[in-house]
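Working notes, structure below.
The values are calculated or read from the model by the stated rules, or taken from the named source; none is laboratory data. Being a predicted model, the structure only gives us computed values, none of them experimental. Every residue, glycine among them, receives a Cβ derived from its backbone with ideal geometry; neighbour counts consider all protein chains shown.
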Amino acid sequence: MTDAIMDSKKRQEKDENRSQGISGGLYLVATPIGNLRDITLRALDVLAGVDLILAEDTRHSRKLLDRHGLRTPMRPYHEHNADNVRDGILRALQDGQAIALISDAGTPLVSDPGFKLVRAVAEAGLRVLPIPGPSAVLAALCASGLPSDRFLFAGFAPAKQISRQKFFSEFVATPASLVFFESPNRLLASLQDMLEVFGPRPAVLARELTKIHETLVRNPLPQLIENLSTHKIRGECVVVVGPPETQALQMSQAQIDMALIAAMERFGVKAAAREVAQITGLPMRELYAQALVLKQQS
């Protein structure tokens, strides 16, 4: 970060920015998920006024800045260099600089490496300022037609099938819509594992949101898999899976077992049975007995 030290001219510009309301701190700026016009006026003001922009891929983010005529210096901040540059960023913030953190698309910290930086900045007693805007999670959920009053965002599922099914089983009894990111080359395999774990729930594939080839496909999981199996999947994908239509009556024994196993990885047997009982409405005594059987089998 030594090259981010400002000369007198830059300090003068910094003072002007302060008079416009861009004070020192870390700004978490949401950027477009596709259409470059999907950016707020406040986000443009912040990106123009900060001393430095931290970007996952500066070449990618340069297109956005060029589109809006912004010339603010950029530096890379990603999972490969984060540990090495974090201390320098903290020192710059302690010196009063204003720094923006952006992801390649959407809201920072949603499936990107900004979490540790925000935690370090907050622990140092420095300001963290969210500048809200586009989010693929919310865009997909709102357009899905599935219940949006309660939802859980789970990010990317693991790449290997066994780990992926275990991952999905953690959410089998969650009474909420589920939102996942997935890569196009793993999409069908992931959907098949969702069907195995969740059963034939309603689901939506949101692909290339806000871009020219934006598509939303709404089907129960079996039909969604069938419809997509003959297509070449391209682009960024968000999958929304509906909650259980009812609770205990719609859950198979295999789904109940998955819910118990996932809960026992976080709690003891009794607490796991209690949690699944609260979610499903099933008797705790029966669930406790089944949890003991599953524990012995494992």
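Spot the failing condition for ARG218; the list is (1) in a helix (DSSP H, G or I); (2) of a type in the set (D, E, K, R); (3) touching a Leu at 6+ places or on another chain (Cβ under 9 Å), and only one is missed.
(1)
Please name all residue pairs, on different chains or six or more residues apart, with Cβ atoms under 9 Å, provided the first residue is in the stretch 279-298 and is in contact (Cβ under 8 Å) with a residue 24 or more places away in the chain and among the small types (Gly, Ala, Ser) and the second residue is in a loop (DSSP other than H, G, I, E, B) and surrounded by 12 or more Cβ atoms within 10 Å (Cβ to Cβ).
Matching pairs, first to second residue: GLY281/GLN247.
Could you say whether any residue in the stretch 109-121 is part of a loop (DSSP other than H, G, I, E, B) and closer than 17 Å to ALA43 by Cα?
Scanning the stretch 109-121 turns up at least one residue that is part of a loop (DSSP other than H, G, I, E, B) and closer than 17 Å to ALA43 by Cα.
Rundown of residues vs (1) assigned by TED's automatic domain parsing to the domain that holds ARG150; (2) in contact (Cβ under 8 Å) with a residue 40 or more places away in the chain; (3) surrounded by fewer than 19 Cβ atoms within 10 Å (Cβ to Cβ); (4) farther than 25 Å from PRO134 by Cβ, yes/no style:
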{"position": "VAL179", "(1), (2), (3), (4)": "yes, yes, no, no"}
{"position": "SER183", "(1), (2), (3), (4)": "yes, yes, yes, no"}
{"position": "ALA189", "(1), (2), (3), (4)": "yes, no, yes, yes"}
{"position": "ARG201", "(1), (2), (3), (4)": "yes, yes, no, yes"}
{"position": "GLU214", "(1), (2), (3), (4)": "yes, yes, yes, no"}
{"position": "CYS237", "(1), (2), (3), (4)": "yes, yes, no, no"}
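Suppose we keep only residues that are part of a loop (DSSP other than H, G, I, E, B) and in contact (Cβ under 8 Å) with a residue 40 or more places away in the chain within the stretch 122-137. Which one would you say is surrounded by the most Cβ atoms within 10 Å (Cβ to Cβ)?
PRO134
Failed condition for GLN296, given (1) under 28 Å from the mean Cα position of the chain (by Cα); (2) of a type outside the set (Phe, Trp, Tyr); (3) assigned to a helix (DSSP H, G or I); (4) more than 30 Å from ARG218 (Cβ to Cβ), with all others met?
Answer for GLN296: the failing condition is (1).
Evaluate the stretch 252-270: report whether one residue or more is part of a helix (DSSP H, G or I), in contact (Cβ under 8 Å) with a residue 12 or more places away in the chain and assigned by TED's automatic domain parsing to the domain that holds GLY155.
No, the stretch 252-270 contains no residue that is part of a helix (DSSP H, G or I), in contact (Cβ under 8 Å) with a residue 12 or more places away in the chain and assigned by TED's automatic domain parsing to the domain that holds GLY155.
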